[in-house]
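S.K.: First, the structure itself, so that you have it in front of you.
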Amino acid sequence: MPLKQFMTLPRHILEGEKLHPEATGELSAILLQLGLAAKVISLEVNKAGLVEILGFTGKTNVHGEDVKKLDMFAHEMLIRAMDHGGHFCVMASEEDENIIHLPPHQKIGKYVLLFDPLDGSSNIEANVSIGTIFSIYKRISKGDGPGVIEDCLQPGFKQVAAGYIVYGPSTIFVYSAGHGVYGFTLDPAFGEFLLSHDNIKIPARGRIYSINEGNYNSWSRGLKKYIKHLQASKFEGKPYQLRYVGSMVADIHRTLLYGGTFMYPGDKRNPKGKLRLVYECNPLSFIIEAAGGVAIDGERRILELTPSSLHERTPIFAGSKDDIELLKKFLDEEKE
Ligand code: AHM
Ligand code: MG
């Protein structure tokens, strides 16, 4: 590896900050702290098969789903890692029904942190990739007291930075502060994230589509036609490929690197699909767009949707620009 590639996550964040003379260093401090939390969660995830940690806590989360211990570990770790820097006025997590206030003795800051602590958790026991997703905004509420729910319900285009960590064969930290998307692989030997994916650009077209095809019968006519179209077509002389991990972070990460489409549509039973706008779709759409891709709910840009509640869901179609544009044509032609 050439020496110039020996770029650690902290060095990258701090060098990025120097390009913005107006920067106060706060965002850098937040990203550095998220990097630290990611390492701790990664260690715990890696131990998942070794310790008696798997199984249910007996509690269900706000979506009525079983909460596994690792989810709660990641949720609590992120709060503990992030609540004392004086940077945030409020936080919110997919594992908590309400907004999370900072402890009373902590300084209140101007940023807002939203996160899905451990996405794809149904994959944990099969040792399949899972991830953490985060999203950072500036507060919009007046004053310097605790933040309010409106601070957490901003449209995604207002994100200052967003990113995710995939816990897969390696742990990878991907982030964007709006200019470029960068990926860092954790070297387990000395515990540092090293730049492995510089200035990621999603290919304009890809050969892979990613969707839970088990729901085929509930899809709209337009979506069915689009998928049939892909199955009957070739890309660069070869058939299209279906890949679906069932962890959005992993499916989006692959889409970012190889191109193609990731889709979680609404259907007759669940018109808004399954994935959460605030915790999953906004941050991952921010990354996809920063890499030159497109993310829509079928009609509108995901980043322009204004969330009306913390746990609201939205259909999502995200990926390569040309692929999503073609998909949109199919959806538009068959509006029901
Ligand atoms: P989770 O937050 O409870 O883990 O659920 C979200 C996950 C996503 O990572 C993934 O894209 C989706 O659920 C898969 O859902 P399905 O099993 O319906 O295909
Ligand atoms: Mg999730």
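Table: residues versus (1) over 21 Å from residue 88 (Cβ atoms); (2) of a type in the set (Asp, Glu).
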residue	(1), (2)
116	no, yes
121	yes, no
127	yes, no
133	no, no
137	no, no
149	no, no
152	no, no
163	no, no
172	yes, no
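S.K.: Search the range 249-270 for residues that are under 19 Å from residue 229 (Cβ atoms) and pair each with any residue that is away from ligand 1 (no atom under 12 Å from the Cβ) and assigned to a helix (DSSP H, G or I) when their beta-carbon atoms are under 7 Å apart and the residues are at least 6 apart or on different chains.
M.R.: What qualifies is 260/323; 261/323; 261/324; 261/327; 265/223.
S.K.: Assuming residue 98 fulfils every condition listed in (1) within 29 Å of residue 245 (Cβ to Cβ); (2) assigned to a loop (DSSP other than H, G, I, E, B); (3) not hydrophobic (A, V, I, L, M, F, W, C) apart from one, which condition is it?
M.R.: (1)
S.K.: Under the condition of being touching a helix residue (DSSP H, G or I) at 6+ places or on another chain (Cβ under 7 Å) and surrounded by 24 or more Cβ atoms within 10 Å (Cβ to Cβ), which residue from the range 130-151 is farthest from residue 286 (Cα to Cα)? Show your work before the answer.
M.R.: Initial filter on the range 130-151 (touching a helix residue (DSSP H, G or I) at 6+ places or on another chain (Cβ under 7 Å)): 130-137, 139-141.
So of that shortlist, the ones also surrounded by 24 or more Cβ atoms within 10 Å (Cβ to Cβ) come out as 130-137.
Working: 130: 19, 131: 16, 132: 15, 133: 11, 134: 11, 135: 9, 136: 11, 137: 12 Å.
So, considering only residues that are touching a helix residue (DSSP H, G or I) at 6+ places or on another chain (Cβ under 7 Å) and surrounded by 24 or more Cβ atoms within 10 Å (Cβ to Cβ), the one farthest from residue 286 (Cα to Cα) is 130.
S.K.: Additional query: Among the residues of the range 272-297, which ones are away from ligand 1 (no atom under 14 Å from the Cβ), touching a residue at least 40 places away in the same chain (Cβ under 8 Å) and over 11 Å from the mean Cα position of the chain (by Cα)?
M.R.: Selection gives 290, 291, 292, 293.
S.K.: Moving to a separate point now. Has the range 188-205 got any residue that is at negative phi and within 16 Å of ligand 2 (Cβ to nearest atom)? Full working, then the answer.
M.R.: Start the filter on the range 188-205 by keeping residues that are at negative phi, which leaves 188-190, 192-198, 200-205.
Add one more test, that the residue is within 16 Å of ligand 2 (Cβ to nearest atom), and what stays is none.
No, the range 188-205 contains no residue that is at negative phi and within 16 Å of ligand 2 (Cβ to nearest atom).
S.K.: Going through 326, 256 one at a time, which residue ends up being of a type in the set (A, V, I, L, M, F, W, C), away from ligand 2 (no atom under 16 Å from the Cβ) and touching a Gly at 6+ places or on another chain (Cβ under 9 Å)?
M.R.: Numbers: 326 fails: touching a Gly at 6+ places or on another chain (Cβ under 9 Å).
From the options 326, 256, the qualifying one is 256.
S.K.: With respect to residue 264, determine if the residue is within 22 Å of residue 128 (Cβ to Cβ), at pLDDT 95 or above, touching a Gly at 6+ places or on another chain (Cβ under 9 Å) and not assigned by the TED database to the domain that holds residue 179. Even if it seems obvious, please write down each step before you answer.
M.R.: Numbers: within 22 Å of residue 128 (Cβ to Cβ): yes; at pLDDT 95 or above: yes; touching a Gly at 6+ places or on another chain (Cβ under 9 Å): yes; not assigned by the TED database to the domain that holds residue 179: yes.
Here the answer is yes, as residue 264 does meet what is asked.
S.K.: Further question on the same structure: From the residues in the range 56-91 that are closer than 19 Å to residue 311 by Cα, touching a helix residue (DSSP H, G or I) at 6+ places or on another chain (Cβ under 7 Å) and modelled with pLDDT of 60 or more, which one is farthest from ligand 2 (Cβ to nearest atom)? Show your work before the answer.
M.R.: Initial filter on the range 56-91 (closer than 19 Å to residue 311 by Cα): 59-68, 71-72, 74-76, 78-79, 90-91.
Within this subset, residues satisfying the condition of being touching a helix residue (DSSP H, G or I) at 6+ places or on another chain (Cβ under 7 Å) are 68, 71, 74, 78, 90-91.
Checking the rest, the ones that are also modelled with pLDDT of 60 or more come to 71, 74, 78, 90-91.
Values: 71: 9, 74: 11, 78: 13, 90: 20, 91: 16 Å.
Among them, the one singled out is 90.
S.K.: Here's another thing I want to ask about it. Quick check: is even one residue across the range 100-121 away from ligand 2 (no atom under 16 Å from the Cβ), touching a residue at least 24 places away in the same chain (Cβ under 8 Å), crowded, with 24+ Cβ neighbours inside 10 Å and within 12 Å of the chain's Cα centre (by Cα)?
M.R.: Checked the range 100-121: no residue is away from ligand 2 (no atom under 16 Å from the Cβ), touching a residue at least 24 places away in the same chain (Cβ under 8 Å), crowded, with 24+ Cβ neighbours inside 10 Å and within 12 Å of the chain's Cα centre (by Cα).
S.K.: I've got another one for you. Can you tell me which residue in the range 73-95 is surrounded by the fewest Cβ atoms within 10 Å (Cβ to Cβ), limited to those that are assigned to a loop (DSSP other than H, G, I, E, B) and among the small types (Gly, Ala, Ser)?
M.R.: Only one residue fits best here, namely 86.
The values are calculated or read from the model by the stated rules, or taken from the named source; none is laboratory data. This is a predicted model, so every value here is computed, not measured. Quick reminder, even Gly has a Cβ in these numbers, built from the backbone with ideal geometry, and neighbours come from all protein chains shown.
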